[in-house]
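Rule-based calculations on the coordinates, nothing more; no lab input. Predicted model only: the values in this text are computed from it and were never measured. Cβ placement follows ideal geometry from the backbone for every residue including glycine, while neighbour counts extend to all protein chains displayed.
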Amino acid sequence: MNIRRADESVEGSATVSTSFEPEVLERLERDAKEIIARYPKPRSALLPLLHLVQSEEGYVSEAGVRFCADAVGITPAQVTGVVTFYTQYKQHPVGDFHVGVCINSLCAIMGGDQIWRELSEYVGVGHDESTEDGKVSLERIECNAACDYAPVMMVNWEFFDDMTPDKAKQLVDDLRAGKQVAPTRGAESVCSWKQASRVLAGFNDGRAGEGAQAGYASLRGLQLAKDSGWAAPEPERGAE
Amino acid sequence: MTTLTPILTKHWDRPDSFTREAYEDDGGYEALRTALGMPQDDIIQAVKDSGLRGRGGAGFPTGMKWGFIPQADGKPHYLVVNADESEPGTCKDIPLMMANPHALVEGVIISAYAIRANIAFIYVRGEVLHVIRRLQQAVAEAYEAGYIGTDILGTGFDLELVVHSGAGAYICGEETALLDSLEGFRGQPRLKPPFPAVAGLYGGPTVINNVESIASVPAIVANGADWFASMGTEKSKGFGIFSLSGHVTRPGQYEAPLGITLRELLDMAGGVRAGHQLKFWTPGGSSTPLFTDEHLDVPLDFESVGAAGSMLGTRALQIFDETTCVVRAVLRWSEFYAHESCGKCTPCREGTYWYKQMLKRLEQGQGSEEDLDTLLDLSDNILGRSFCALGDGATSPVTSSIQYFRDEYIRHFEMGACPFDHAASTVWAGEK
């Protein structure tokens, strides 16, 4: 049984997709209040609010759109206009593990195209599609700022560096088998899509301390400088 | 010979480098104490004197940008950090925020104090979960230490700092599109003028700076403008992180004075991968015109790269060897621009669409030299006629590839197919 919000029109069809259960709504409203309080103007909270509703349902449903519209005082159409602009907001459910393969030029050339081809065939789903068990979805992603580790993949926006077609298939097998999977540079294990969305909404999950501070490629220049005895000039004493 | 100068990257090899404890242990937040004891205008002057220019690609002098903020106007001022690193090939801010988020946070506090802002935002792209965690944690630790909040270190200066995650849109790296996005709208660029310094976030005076620019501020305050200016070239002072990727033996981050050359950097990175030769490269991301092996000795500073026909951009050095089909690389970049065009202006929206359609055909060898003239004509209708730099950037790979590799396009047409074996370009080529 769904409860309509008091300010919702009576004609609005009260199905699961258009409104939240009261206890969910109460929780979301509490979080929304906290998000909105961060900003000088409520509408600035829209992007994190959309991450928030995505953390509840795994995608931005009609209920999610309405919730955000109410929260910041704009129309559902205005919210939808924003949702459709940004690729991270999904308008239909994605897998618990959303797997991205970078196919921008550099990664594609270094092997990303072959990874995508083999992985997509292996998993049996294409771009923006999910497996029937709902565990995994695939996306062709653009440059994710990890080019020194090409070819790069992402799972729920955690880095999987230096991938190969075989490693990619093993990764998806492990995810579907429910095994704990560790990103190359990130937390000790990949969290769920919904949990990741909650972090994007601005709620610290306390896992920042996990994982390495830097990957090997990030340290190459520093290492070479140390080995070669190179350093920045010393500041003069008495500088301003 | 130019050598590396680790400053921002100096402590990245410390396993706890991202914690406040480690950062303070290595002298972090001392510059903040110094800065808060200085008159604001002196900090702005120091940044001007240092010669620091924006590290996000355009290279606008940072201190001058700060100086445009009208002072004592009674309006709230805003500082916004552009951490939406998405330019293809660019991968410096992400490792910086992962390993050393406190350098950015300290830079934010000093910069906000200087421009008299009491609210600051770090707009970070949403596709980097662990970096967002590290930023959130660093900001929380800075609040705990009293470096952010009310009456910071007893100086009476108040600052709130919000980490704001984007949601997947390259265009939001354009500063005014970023502001629209931060205000909760579709991220589309605004007409300039007015510039953000006059009418930015919520119509108020706003400074928007790249991560690396802001993270460089504590070192300038601590060591002095002269120290910073002692590195680099006459008009491109200081240091920057150079990101080598692609067909290079040891890809990675190399922090060096501006003006270093690719030849020097390649030497440090072990050269182009074994058995292969350099074919083409980007000096600063896909939006900067391609260079070839003719350009190995161009000093990588704003002026020299510009004089040689490209742009320093974000120092994203994507290296491609002779196995790479340039038409394929350009097609993929063009598909990227078509996907990321915000749709606001016609030249970019339609132009990038037609790039994509044409290059797809040409890459398969279905075309003639006449098509190259059409591509160049199309480029003339995008470059300088687009609303923002995204459209201009989209023309760079197309026009520069035709300039240097016209013959390769023609070989595609003659063969009626791509003459390259794509498998030979992969990391695992030659294995098995």
Cα-centre dipole for segment A:162-240 with unit charges at Cβ (Lys and Arg positive, Asp and Glu negative), debye to 20: 420 debye
Most mobile of A:E188, A:E210, A:E23 in a GNM of chain A (Cα contacts under 10 Å): A:E23
Per-selection Rg to Rh, segment A:63-196 - Cα, Kirkwood hydrodynamic radius: 1.02
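With N residues in segment A:66-128, what two-decimal value do you get for its Cα radius of gyration over 2.2 N^0.38 Å?
Details: Rg = 16.7 Å, N = 63, 2.2 N^0.38 = 10.6 Å.
Computed over Cα atoms of segment A:66-128, the ratio equals 1.57.
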At R0 = 41 Å, FRET efficiency that the Cβ-Cβ distance of B:K360 and B:D151 yields, to 0.05: 0.10
Positive-end residue of B:A46, B:F60, B:Y23, charge dipole of segment B:6-65 with Cβ unit charges: B:F60
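What number, rounded to the nearest 500 deg cm²/dmol, is the helix-based mean residue ellipticity at 222 nm of chain B, given -39500 (n - 2.57) per DSSP H run of at least four residues and division by all its residues?
Values: 16 runs with 181 residues, N = 432.
When only DSSP H runs of four or more count, the value is -13000 deg cm²/dmol.
Translational D (Stokes-Einstein, µm²/s) of segment A:157-202 at 20 °C and 1.002 mPa s when Rh comes from the Kirkwood sum over C-alpha pairs? Don't jump to the answer; show the numbers that get you there.
Numbers: Rh = 11.5 Å.
For these conditions, the coefficient is 187 µm²/s.
Sorting check: for B:315-323, B:198-206, B:18-26, which peptide has the highest mean count of neighbouring beta carbons within 10 Å, and how do the rest follow?
Details: B:315-323: 25.6, B:198-206: 20.3, B:18-26: 18.3.
The peptides rank, most packed first, as B:315-323, B:198-206, B:18-26.
Please pull out the direction-averaged projected area of segment B:303-377, using the convex hull of its alpha-carbon atoms, in nm² to one decimal place. Mind dumping the intermediate values first?
Numbers: hull surface 26.6 nm².
Result: 6.7 nm².
Find out how many positive minus negative residues lie around B:E234, taking Lys and Arg as positive, Asp and Glu as negative, among other residues whose Cβ is under 12 Å from that of B:E234. Display every interim value, and only then the final one.
Values: positive: B:K235, B:K237; negative: B:D301, B:E303.
Surrounding charge for B:E234 is 0.
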Whole-percent pair-distance distribution, where bins are 5 Å wide, for the alpha carbons of chain A: 1, 6, 12, 14, 15, 13, 12, 9, 8, 5, 3, 2, 1, 1, 0
Summed residue charge, Cβ within 14 Å of B:S245's Cβ, Lys/Arg positive, Asp/Glu negative: -1
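According to the Cα gyration tensor, what semi-axes, each the square root of 5 times an eigenvalue, does the equivalent ellipsoid of segment B:18-97 have, listed from largest to smallest in whole Å? Intermediate results must be reported in sequence, preceding the final value.
Working: eigenvalues 115, 90, 34 Å².
Ellipsoid semi-axes (Å, largest first): 24, 21, 13.
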Compactness of segment A:135-240 as Cα Rg over 2.2 N^0.38 Å, two decimals: 1.42
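Could you give the length gained by full extension between A:K169 and A:E188, i.e. 0.36 nm per residue of separation minus their alpha carbon distance, to one decimal place?
4.8 nm
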Gyration tensor (Cα) of chain B, equivalent ellipsoid semi-axes in angstrom: 39, 25, 18
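Report the percentage of all Cα-Cα pairs in segment B:347-393 whose separation exceeds 12 Å, rounded to a whole percent.
Looking at segment B:347-393, the distances longer than 12 Å represent 59 percent of pairs.
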Segment B:167-276: proportion of alpha-carbon pairs further apart than 21 angstrom, %: 58 percent
Exposure proxy ranking, count of Cβ atoms within 10 Å, fewest first, for B:M64, A:M110, B:M231: B:M64, B:M231, A:M110
Label point 7 Å beyond Cα of A:H127 along Cβ direction - residues of segment A:97-117 with amide nitrogen under 18 Å: A:98-117
Charge dipole magnitude, Cβ of K and R +1, D and E -1 - the protein assembly as shown, Cα centre, debye nearest 20: 580 debye
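Among rounded, prolate and oblate, which fits segment B:133-206 when a ≥ b ≥ c are the square roots of the eigenvalues of its C-alpha gyration tensor, a/c under 1.5 means rounded, and a/b larger than b/c means prolate? Don't jump to the answer; show the numbers that get you there.
Values: a/c = 3.83, a/b = 1.61, b/c = 2.37.
Note, shape of segment B:133-206 comes out oblate.
Pairs A:K41/A:K90; B:K48/B:K235; A:K90/A:K135; A:K41/B:K192: which are spaced more than 18 Å apart, C-alpha to C-alpha? Each step should come with its number before you reach the end.
Values: A:K41/A:K90 25 Å; B:K48/B:K235 12 Å; A:K90/A:K135 15 Å; A:K41/B:K192 23 Å.
Long pairs (Cα-Cα over 18 Å): A:K41/A:K90; A:K41/B:K192.
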Chain B: angle of helix B:369-382 to the longest principal axis, Cα-based, in degrees nearest 10: 20 degrees
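Kyte-Doolittle mean at least -1.0 and Cα extent at least 18 Å along the axis: which DSSP H helices of chain A qualify?
On the way: long enough: A:22-37 (22 Å, -0.47).
Taking the DSSP H segments of chain A (at least 18 Å long, mean hydropathy at least -1.0), we get A:22-37.
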Rough spin-label spacing in nm, given labels placed 7 Å along Cα→Cβ, for B:V198 and B:F60: 1.2 nm
Cα pair distances of segment B:260-335 binned at 5 Å [whole percent]: 3, 16, 28, 25, 17, 9, 1
Estimated D of segment B:83-137 in µm² per second, where Rh is the Kirkwood radius over Cα pairs and Stokes-Einstein applies at 4 °C, 1.567 mPa s: 108 µm²/s
Label point distance in nm, B:Q277-B:A424, each placed 7 Å from Cα along Cα→Cβ: 1.3 nm
Projected label distance in nm at A:D205 and A:Q223, using a 7 Å step from Cα toward the beta-carbon: 2.9 nm
Acute angle (nearest 10 degrees) that the helix B:40-50 long axis makes with the longest principal axis of chain B, alpha-carbon atoms: 40 degrees
Only Lys, Arg (+1) and Asp, Glu (-1) charged, at Cβ; segment B:289-397 dipole about Cα centre in debye: 660 debye
Shape category assigned to the protein assembly as shown from the gyration tensor of Cα positions, a/c cut at 1.5: rounded
Cut-off 15 Å, label 7 Å out along Cα→Cβ of B:E294, residues of segment B:383-417 by amide N: B:399-408
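Looking only at the protein assembly as shown, where both bridge partners belong to it, what percent of the DSSP beta bridges are antiparallel (to the nearest 5)?
Details: 25 of 53 bridges.
The antiparallel proportion sits near 45 percent.
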Radius of gyration and maximum dimension Dmax of segment B:232-382, Cα, Å: 16.8, 48
C-alpha long axis of helix B:211-223 to longest principal axis of chain B, angle in °: 50 degrees
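What does the charge add up to near B:L331, with Lys and Arg as +1, Asp and Glu as -1, over the other residues with Cβ less than 11 Å from its Cβ? Don't skip to the end; give the middle numbers.
Working: positive: B:R328, B:R332, B:K356, B:K360, B:R361; negative: B:E335, B:E363.
Taking every other residue near B:L331 into account, the sum is +3.
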Principal axes of segment B:106-150: Cα extent on each, largest first, Å: 31, 21, 14
Prolate/oblate/rounded label for segment B:1-151 (Cα gyration tensor, a/c 1.5): rounded
